[in-house]
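Data block below; observations after.
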Protein chains: 2
Amino acid sequence: MEFIRVNMSAKEISRQPVPEQYRALGGRALSSLLVAAEVVPGCHPLGEDNKLVFAPGMLAGTRAPSSGRLSVGGKSPLTGSIKESNAGGISGQKLAGLGIRALIIEGMPKEEEGWFILKLSPSGAELLPAGDLAGLGTYEVTDKLRKAHGEKVAVISIGPAGEMKMAGAGVATNDADGNSSRYAGRGGLGAVMGSKRLKAIVVDSPGSFDAAVAHPEKFQEAAKRFSEQVLAHPVTGQGLAALGTNVLMNIINEAGALPTRNFTRGQFAGANNIGGEKLAEVAVARGGKATHACMPGCIMRCSNEYPLPDGKVCSPIEYESAWALGAHCEIGDLDVVGKLNYICNDVGLDTIEAGGTLGVLMEAGVIPFGDGAKAVESLEEVGKGTPLGRIIGQGAGFAGKAFGVTRVAVAKNQHMPAYDPRGAKGIGVTYATSPMGADHTAGYAIGANILKSGGDVNPLSKEGQVDLSRNLQIVTAALDSTGMCLFVAFPLGDLPDALPALLDMINACYDVQWTPNEFLALGRQVLKTEREFNIRAGLGKIHDRLPEFMEKEKLAPHKQIFDIPGEELDQVFNFMD
Amino acid sequence: MEFIRVNMSAKEISRQPVPEQYRALGGRALSSLLVAAEVVPGCHPLGEDNKLVFAPGMLAGTRAPSSGRLSVGGKSPLTGSIKESNAGGISGQKLAGLGIRALIIEGMPKEEEGWFILKLSPSGAELLPAGDLAGLGTYEVTDKLRKAHGEKVAVISIGPAGEMKMAGAGVATNDADGNSSRYAGRGGLGAVMGSKRLKAIVVDSPGSFDAAVAHPEKFQEAAKRFSEQVLAHPVTGQGLAALGTNVLMNIINEAGALPTRNFTRGQFAGANNIGGEKLAEVAVARGGKATHACMPGCIMRCSNEYPLPDGKVCSPIEYESAWALGAHCEIGDLDVVGKLNYICNDVGLDTIEAGGTLGVLMEAGVIPFGDGAKAVESLEEVGKGTPLGRIIGQGAGFAGKAFGVTRVAVAKNQHMPAYDPRGAKGIGVTYATSPMGADHTAGYAIGANILKSGGDVNPLSKEGQVDLSRNLQIVTAALDSTGMCLFVAFPLGDLPDALPALLDMINACYDVQWTPNEFLALGRQVLKTEREFNIRAGLGKIHDRLPEFMEKEKLAPHKQIFDIPGEELDQVFNFMD
């Protein structure tokens, strides 16, 4: 197992065995620890001193179910904080298949040197000129690279948004079908990749599921137990498996926490028209798929393939995307939502940030609320790099400044996902305090607040939310390090043998003896490292707050403001004192 | 003497006698102390919790020469810091003439309530509907209000940039001729005024120079001595008086510290074509004025009236404006510079920020370097509120993000004025550490670095710059509180009776016994208050730094980087420890 470093200034590639202090680490733990150790916190996120780290999870490349997620890390041009964003697809498994624990992109070429492709294969690593791939969308880039390098390669790429260094740009990778729309979307890491003039990474690995495991039999037994736990939980075994993440649309709407019309209400009359039930019905009727695996070995299969009226296929339409491009903009038409989602995937934008931004432009009167055609037309300007396109690509905080809008639902300048903090206060604590900026995946309090999984905390009460969010952020930081899909948090929170089975997999894989204590200690270490980086980068307690309007404007139907005081939010990090 | 508070939410106006702790304070001391005491540091700068404070200086309304500057303060939407920006013109004297020490604008109307005018006169204060003034440029607004309320009124106004809440928007006021182009330009306080939906303030005061003075005879004697000192100094008595601030263009170019082509070089081949000598020649030939007083009672008369080819008159073209809109953009044509300057004045933009931004757009390739026609066309989009206009109005840091440009010469997101920190390192220390963001007026090290006034510190050496900047920042904070034009710093730094005469004026005015110690203590108190506000607002040491490129790219002709380490910059505030 090794690290690969690619110096884009010198165009030099070097390899090193995994240093002892990083042994048994992967995913978020590895990317965050490397960024914190090697990146100057005050550096310009788009300058030569930032680094971009790709790290498969601890269990990547093994037969652990749903364990192939790829972590991408660096300093974020969107939030100014450390950033880890992870994605499904096959690239995590492929990197692990080549024995690559971390791929570290450093330095920056001169503009006149053009764009590059990095090719990783059993015969080594090489930088190639990107040629005519520069300027293309991720779908075409992925198609062309799969034609050139083989259908089974993984392609990690950026679209024009990343090339133009837009803070809303994500890093795309593909599923086993070659669909490039699995995204490490959040925080503008696509712009960091763009600043390094790296258009794509091709990972050509013949192997799959054959990463080294210290005790194969023990591992297999534990993996089987873990799969059983995942399949036994109603969310991961049934809800997600039947309707994907968009099963949440009607649930969150019912709960009154569905941010609607740029966070002015908690319910959307058109929710059912863009929800999971409708999606499944239309997708199947059009020959698409209501369920689909984003990576081989996934037993939840929460993804989908939604055929659009123009013949293209948007895969997947996730709940948070359908919300951002739908309810947030009062667009109640799944075909429009799918079209907007497809454009984001192709141009290389985070759907949450892009949808959030369209909502802000609607608040500003630049686009009328609910006007899908105008939204599509505006979003298409991103790829063209027009001034409006540049504003959209930079995200909601930026668009709010441009148009003088103060009702902008961001934390650390990153747009909030599909849950209003006034209707589910636990998630508000996570948005405010996560070192990543507003991010539901950083501590998914919706489980205990609304789904009654992993506890039961009244979503409208101030009580218990800080403890809930802290515990979830710690577990999540550990889980993001394993390469596991976050959804396994449901069985982990509710079923007694899930965590033991997960630990048994890790122990069998690395010949270690982790108890829950070691697992949680890893989560705390990751969070602490991230927060310390942020403090050195100039982000303190004052940045762990929600926007002013959420403390002043009551959200219907529950007529709630976000009323958890700053001093209580700061208690999320009491384990750092 | 009193404070007037205008609550824009309730449309209520209240008056209070000056509280004891603010007695004898004015200008920057008063505005910064009030903002620090009354504004929540974490508030949204364009939200209802920010306040906008107008404060004439301690000596405003007296016969002290050049003492009528008006301080404007609030939390800046550009820098996120506390902000004080001051302007010449007649409004400081007029406010003092009404006995107003501070005018505090609070709260915020609803958008549907429209725009307001605040009228201040001996008969009281009232809010009036702005009617058809909304949307107009500052020239027309000022003309109409002078027609409606009398030719002698002072008008404080914003242009469309402020109405659109652009972070580059300034607050305009007029000279005795009714010309509205005296600006508290920096830091976006025009946007704060816009957020409060206050289009203009009319100050109708019959008096002038009759503010209360405790000991009139002593005062008159001190004022006479002070005038003699100002007139005796070669800069204030001769250089500025003959050619205005733009006398600096050729001097700074000669010194190799004139930022050219977006800070890629320190000398501009076309400098002479946009400098003070040329300006005086053309202005006089066209029937304009090479010198002009921005306020009654000014004995330096460094302003000018430059007739443009289209018949309009740009008054003044300051050095920093001519640099930003000229050398920085490689525009070597004074008529184009004047036209750009006029547009800024009319639409209500800070010329330094606007010129800085145009240079960044040139770096991005949006406008070709040196293309005056395209620059004019682009700048005209600001008033139209197009997406490009919105980007320009938000300033250089914003435009850099929008177009992926990292060579952006900002500190705390405010664009640097006309002196490259690599060619005059003392000013770099001021840019980095001033609580205001990059601001030459906050500690004008160019004096000792280049003009050899107030000391002699090698501009290219690291040595002595931190001490120089600290001392200047302290004196300046005190001087900005008096209402005096900053140029009196030249005699204060070089002539022995200047400071005693200034202190004698203050002592005679307020019946106090200030020595230089009290004066410097005031400066330290102001700076400390400002910096503490910033820290509470989330701005720490990491924000007291220059952009990365200045530590990496050598500036021709001296081949210097900015090499003063962060820990040394932090020593500017050693008096706070």
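I'd like the distance separating the alpha-carbon centroids of segment A:216-262 and segment A:377-421, in whole Å.
That distance is 30 Å.
From other protein chains only, count the Cβ atoms within 10 Å of every residue's Cβ in A:403-411, then give the mean.
Across the residues of A:403-411, the mean count of other-chain Cβ atoms within 10 Å is 4.
Mind listing the long-range amide H neighbours of A:His292? Cut-off is under 5 Å, sequence gap 5 or more, other chains count too, H placed in the peptide plane at 1.01 Å from N.
A:Cys302, A:Ser303
List the lysines whose Cα lies under 29 Å from the Cα of B:Lys224, skipping any in the same chain that are fewer than 8 positions away.
Counting by Cα, and skipping residues close in sequence, B:Lys224 has these lysines nearby: B:Lys94, B:Lys152, B:Lys289, B:Lys452.
Among A:Cys314, B:Cys43, B:Cys344, A:Cys298, which comes first, second and so on when ranked by fewest other beta-carbon atoms within 10 Å?
B:Cys43, A:Cys298, A:Cys314, B:Cys344
Along the Cα→Cβ direction, 7 angstrom out, place labels at B:Ala285 and A:Gln513. What is the inter-label distance in nm?
9.3 nm
At a Förster radius of 35 Å, what calculated FRET efficiency corresponds to the Cβ-Cβ distance of A:Arg23 and A:Glu112, to the nearest 0.05?
Working: r = 41 Å, r/R0 = 1.17.
The calculated FRET efficiency here is 0.30.
Order B:104-114, B:229-239 from most to least packed using the mean count of other Cβ atoms within 10 Å.
The most tightly packed comes first, giving B:229-239, B:104-114.
Looking at the calculated P(r) for the protein assembly as shown, what percent of the C-alpha pair distances fall above 43 Å?
In whole percent, the long-distance tail amounts to 40.
Rounded, prolate or oblate: which fits chain B, taking a ≥ b ≥ c as square roots of the Cα gyration tensor eigenvalues, rounded meaning a/c under 1.5, else prolate when a/b beats b/c? Working shown, then result.
Details: a/c = 1.30, a/b = 1.12, b/c = 1.16.
Rounded is the answer for chain B, as its axis ratio a/c remains below 1.5.
Which distances, in nm and shortest first, link the A:Gly207 label point to the same label point in every other copy, taking 7 Å along Cα→Cβ?
8.9
Name the residue from A:Val429, A:Val141, A:Ala478 whose Cα lies farthest towards the positive end of the charge dipole of the protein assembly as shown, charges +1 on Cβ of Lys and Arg and -1 on Cβ of Asp and Glu.
A:Val141
Select from segment B:148-257 those GluC sites (Glu not before Pro) which occupy a DSSP coil region and have at most 16 other Cβ atoms within 10 Å, ordered by residue number.
Values: sites: B:Glu151, B:Glu163, B:Glu217, B:Glu221, B:Glu228, B:Glu254; in loops: B:Glu151.
Loop-located and lightly packed - B:Glu151.
Of the cross-linked pairs B:Lys75/B:Lys196; B:Lys147/B:Lys312; A:Lys196/B:Lys83; B:Lys278/B:Lys339; A:Lys541/B:Lys51, which ones have a Cα-Cα span greater than 25 Å in the structure shown?
A:Lys196/B:Lys83
Rounded to the nearest 500, what is chain A's calculated 222 nm mean residue ellipticity when only DSSP H runs of at least 4 contribute -39500 (n - 2.57) each, over all residues?
For chain A, the value works out to -11000 deg cm²/dmol.
For B:Ser453, enumerate residues with amide H under 5 Å from its amide H, sequence gap 5+ or separate chain, H modeled in the peptide plane.
Correct list: B:Ala448.
Segment A:475-515 to segment A:1-75: how many Å between their Cα centroids?
21 Å
Quick one: Karplus J couplings for segment A:414-420, per residue in order, coefficients 6.51, -1.76, 1.60, θ = phi - 60°, nearest Hz, x for Gly and Pro?
Working through the residues one at a time gives 9, 6, 6, x, 7, 9, 7 Hz.
Which of B:Ala212, B:Ala280, B:Leu388 sits closest to the plus end of the dipole of chain B, meaning its Cα is farthest towards the positive end, when Lys and Arg get +1 and Asp and Glu get -1 on the C-beta?
B:Leu388
Place a +1 charge on the Cβ of each Lys and Arg in the protein assembly as shown and a -1 charge on the Cβ of each Asp and Glu, then give the dipole magnitude about the Cα centre in debye, rounded to the nearest 20.
Charge dipole of the protein assembly as shown: 100 debye, to the nearest 20.
Set the Förster distance to 60 Å, then compute FRET efficiency between A:Phe575 and B:Leu128 from the Cβ-Cβ distance, nearest 0.05. It would help to have the intermediate numbers written out before the result.
Working: r = 57 Å, r/R0 = 0.95.
So, using R0 = 60 Å, E works out to roughly 0.55.
If you put +1 on each Lys and Arg Cβ and -1 on each Asp and Glu Cβ, how big is the dipole of segment B:320-476 around its Cα centre, in Debye rounded to 20? Working shown, then result.
Numbers: 12 positive and 17 negative charges, 105 e Å.
My answer is approximately 500 debye.
Which percentage, to the nearest 5, of the DSSP beta bridges contained in chain A is antiparallel?
75 percent
For the rotation bringing B onto A, which B residue has its Cβ nearest the axis, and at how many Å?
For the rotation taking chain B to chain A, the closest Cβ gives B:Pro387, 2.
Starting from the Cα-Cα distance between B:Glu532 and B:Glu377, subtract it from 0.36 nm times their residue separation and give me the gain in nm to one decimal.
Between B:Glu532 and B:Glu377, full extension yields 51.6 nm more.
Regarding segment B:2-203, what whole-number volume in Å³ per residue does the convex hull of its Cα atoms give?
100 Å³
For a paramagnetic label modelled at 7 Å from the Cα of A:Arg15 toward its Cβ, which residues of segment A:105-133 fall within the zone defined by backbone nitrogen distances under 15 Å?
A:119-127
Take the alpha-carbon centre of segment A:130-200, take the same for segment B:126-180, and report the distance between them in whole Å.
Spelled out, the Cα-based centre of one part sits 50 Å from the other.
Sort A:Arg536, B:Arg15, A:Arg101, B:Arg5 so the one with the fewest other Cβ atoms within 10 Å of its own Cβ comes first.
Neighbour counts put them in this order, fewest first: B:Arg15, A:Arg536, B:Arg5, A:Arg101.
Scaled to the compact-protein estimate 2.2 N^0.38 Å, what is the alpha-carbon radius of gyration of segment A:83-190, rounded to two decimal places?
1.02
What aspartates and glutamates sit close enough to B:Lys462 to cross-link, taking a C-alpha to C-alpha distance under 16 Å and skipping anything fewer than 8 places away on the same chain?
The qualifying aspartates and glutamates are B:Asp420, B:Glu551, B:Asp563, B:Glu567, B:Glu568, B:Asp570.
How many partner chain Cβ atoms sit within 10 Å of a residue's Cβ in peptide A:382-392, on average, as a whole number?
Counting Cβ atoms of other protein chains within 10 Å of each residue's Cβ and averaging gives 4.
Would you mind telling me the antiparallel percentage of the DSSP bridges in the protein assembly as shown, rounded to 5? Write down the numbers at each step before the final one.
On the way: 86 of 112 bridges.
In the protein assembly as shown, DSSP labels about 75 percent of beta bridges as antiparallel.
The numbers here are math on the coordinates, done by the rules we state, and not lab data. Worth saying up front: this structure is predicted, and the values here are computed from it rather than measured. Backbone-built Cβ (ideal geometry, glycine too); neighbour counts: all protein chains shown.
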